[in-house]
1. Please report, ordered by residue number, the strands (runs of 3 or more DSSP E) entirely within region B:138-216 with at least 3 residues that are without any contact (Cβ under 8 Å) to a residue 60 or more places away in the chain.
2. Residues of region A:131-150 being crowded, with 19+ Cβ neighbours inside 10 Å and of a type outside the set (Val, Ile, Thr), which ones?
3. Within region A:340-383, which residues are at pLDDT 95 or above and on the phi > 0 side of the Ramachandran plot?
4. Taking region A:305-325, which residues are surrounded by 19 or more Cβ atoms within 10 Å (Cβ to Cβ) and not hydrophobic (A, V, I, L, M, F, W, C)?
5. Tell me, which residue of region A:329-364 that is small (Gly, Ala, Ser) and buried (at least 17 other Cβ atoms within 10 Å of the Cβ) is farthest from A:Ser21 (Cα to Cα)?
6. Could you check region B:263-279 and list, in sequence order, the residues that are without any contact (Cβ under 8 Å) to a residue 60 or more places away in the chain and assigned to a helix (DSSP H, G or I)?
7. Report the residue count in region B:236-258 for those that are away from chain A (no Cβ under 11 Å) and assigned to a loop (DSSP other than H, G, I, E, B).
8. Taking only region B:317-339 into account, find how many residues are over 20 Å from the mean Cα position of the chain (by Cα) and either in contact (Cβ under 8 Å) with a residue 24 or more places away in the chain or at positive phi (or both).
Protein chains: 2
Amino acid sequence: MNELPDAWRPPARLLLGPGPSAIDPRVLAASSHALLGHLDPAFLAIMDDVAGMLRSLFRTTNPLTLAVPGTGTSGMEAAIMNLVEPEDRVVVGVAGYFGGRMAEMVRRAGGTPLVVEAPWGTAVPAEAIEAALRGAPGPVKAVALVHAETSTGMLQPLEEIVRLARDHGALSIVDAVTSLGGLPVEVDAWGIDVCYSGTQKCIGSPPGFAPITVSPRGVAAIEARRTPPVTFYMDLQLLRGYWRDHTYHHTAPIQGMYALREALRLLLEEGLPARWDRHRRVHEQLRRGVEGLGLQFLVEEMRRLPVLNALRVPDGVDDRAVRQRLLQEHGIEIGGGLGPLAARVWRVGLMGYSAREENVARLLTALRIILGAPRMSKPPRRG
Amino acid sequence: MNELPDAWRPPARLLLGPGPSAIDPRVLAASSHALLGHLDPAFLAIMDDVAGMLRSLFRTTNPLTLAVPGTGTSGMEAAIMNLVEPEDRVVVGVAGYFGGRMAEMVRRAGGTPLVVEAPWGTAVPAEAIEAALRGAPGPVKAVALVHAETSTGMLQPLEEIVRLARDHGALSIVDAVTSLGGLPVEVDAWGIDVCYSGTQKCIGSPPGFAPITVSPRGVAAIEARRTPPVTFYMDLQLLRGYWRDHTYHHTAPIQGMYALREALRLLLEEGLPARWDRHRRVHEQLRRGVEGLGLQFLVEEMRRLPVLNALRVPDGVDDRAVRQRLLQEHGIEIGGGLGPLAARVWRVGLMGYSAREENVARLLTALRIILGAPRMSKPPRRG
């Protein structure tokens, strides 16, 4: 490279895609403080605050609750690589891209995924999970499920499946990347053994950390492993050593931790029920607006995620052209479809600081212009 | 948690430990811009800039050059988990904590580490590596070495060992976490196959990314694997898919990428030779100062890392008490020893934006006060 790239600032964007979502100015300000060392007592105190607030958010008392130093996918990998040993059977519900990713990770960890498929956009039925548990040729180590399938906008009912897993002596692993902080995730009340998330969706912090919590049963399973997990970086016993005992393991992303602390403070100041209500309210606003534009949801109403809305691209409309115009003419990002839904859905995220009424109004106005939908008071045309 | 933690700002600290080091205000400002989506064309252009500048920094033309979304340790894990397959033999030079960590990762990846040990604080002799290559009971997949051993302050000569590896048909894996950006690392000229680093040391960006580069030979070895690597998160072929082809794999830490871009711009504006000189110059300043205080280096002069200085704790001096006073009374962080060097050395990092003369002067003044060394003009005592 002979010439250096220029100084730069990002264009202004309203982030209404599948994440990252926008962050509150307070979070941005917190992340802009000068660095501390990762073993500085002042920084370790910040980590204690984060762990405590994560427990409140996960609704758990699990001592092993921390943030993995990576994106949401690192939370999935930490969960699976720590729980799954070679030869372990894991029942995996797959009704979208991220369920499929879980199955792939189980395979890479040397386990055998017993995949329970459901059509993309639907939930995995509890009966199908039960059948897989009963039909397995031997003990099942865990049942893995995506709570909020980001690729389809589907909300997976969990309570019954988590109970079924326990009844069959299996652990439960729940992906709450897109749900935590935007809708109820009740780790202790539902009896989830391992639950992980990402910071950049409903939590409202920049991407870079994956909050995770592990039940005492889950910890016992990890401690009883025959061999250490292949991963050193995401070894939960080593991560616990840093968070709990302050033993060096990695150099924590300092600014991300500042940001996460402030995002969690904001979240708990608002209060979980009020926050869930807000996400529900802006979803209803979006629903009314897009229905007025003649758009349809991929997922039936009962199973819809309020925070991630998959809308069918109308016949004859060019998915990519619409998203490009939204971005370039209106400064609004929404997501396209993944895998078999590519070019077939738009994904509208209303998460964290992005989940505000003025944002929905702005998106609806832009969509109305781009899709050329009839205006409220269309003047009569004269020949 | 019943009460929320208070609003907070970090205490002022001069970071002279083993990292993170301080960051230039320009880097902090860059990291404070509003978020973009991880697939926004404007963000993908930023990633292209980063990849190009990383090639300049690594002194390579390797197409596969990118930043793993994790700390320096994630770079080590990405290198080893992508290169090492079960049953592979890897000669690992161990003369400190991080060499030992490499051997541990080889073991976890299912490989067999052939450990070549040298006393902590010394370099691993090329002859010992050659003997291990000759004495191996079969083909050796790779030779893994730490260029700058952060636990001891030792600079490992590389050229001959990298050549030996190649002569024996083995790849070379080099840990340049503490050297890249502070002293010469010549990936192409020396023929290194895989080299990784961390952003928070001599590069002068916050922790959270691990730059990595892989030679065409290394890429061929990865592409020829019999099975995919256990890690999905750090799978270099998937990471390349995101960096090169813009296929979704993870949600990049957006702010960290902004920061890394600006840190690399600063670094290349200064110019690598000037930057290496600066690190050498402040090291000499520190050397003169601490020798004046009667302190001794752990490592012999020829093998000393300019950027990470391990100083022996004098007999009868309480390691921890000195570091606490430095932190609390003077706002200066230095590091303690790891493993067998705990309480036996102090580690003074002079890296990136921390490597400035006024910082060395401030540390020397504080050490002089705390260690009670004679002042330059001590007034005569009168009975």
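The values are calculated or read from the model by the stated rules, or taken from the named source; none is laboratory data. Everything numeric here is computed off the predicted structure, so don't read it as measured data. FYI the Cβ positions are ideal-geometry reconstructions off the backbone, even for glycines, and counts take in every protein chain you see.
1. Details: elements: B:142-146, B:171-175, B:194-196, B:210-214.
Strands (runs of 3 or more DSSP E) meeting the threshold: B:142-146.
2. Step one: list which residues in region A:131-150 are crowded, with 19+ Cβ neighbours inside 10 Å, which gives A:132-133, A:140-150.
The answer is A:Ala132, A:Leu133, A:Lys141, A:Ala142, A:Ala144, A:Leu145, A:His147, A:Ala148, A:Glu149.
3. Correct list: A:Ala343, A:Gly352.
4. In the first step, residues of region A:305-325 are kept if they are surrounded by 19 or more Cβ atoms within 10 Å (Cβ to Cβ); the result is A:305-311, A:313, A:322-323.
Listed by number, the residues that qualify are A:Pro306, A:Asn309, A:Arg323.
5. We begin by selecting, within region A:329-364, every residue small (Gly, Ala, Ser); these are A:331, A:335-337, A:339, A:342-343, A:349, A:352, A:354-355, A:361.
Filter once more, keeping what is buried (at least 17 other Cβ atoms within 10 Å of the Cβ): A:335-337, A:349, A:352, A:354-355.
Numbers: A:Gly335: 12, A:Gly336: 15, A:Gly337: 17, A:Gly349: 8, A:Gly352: 7, A:Ser354: 6, A:Ala355: 9 Å.
Among them, the one singled out is A:Gly337.
6. Residues of region B:263-279 without any contact (Cβ under 8 Å) to a residue 60 or more places away in the chain: B:269-271, B:273-274, B:277.
B:Glu269, B:Glu270, B:Pro273, B:Ala274, B:Asp277, listed by residue number.
7. The total comes to 1.
8. Let us first name the residues in region B:317-339 that are over 20 Å from the mean Cα position of the chain (by Cα), namely B:317-332.
Going one step further and asking which of them are either in contact (Cβ under 8 Å) with a residue 24 or more places away in the chain or at positive phi (or both), we end up with B:317, B:319, B:322, B:325-327, B:329-332.
Summing the residues that are over 20 Å from the mean Cα position of the chain (by Cα) and either in contact (Cβ under 8 Å) with a residue 24 or more places away in the chain or at positive phi (or both) in region B:317-339 gives 10.
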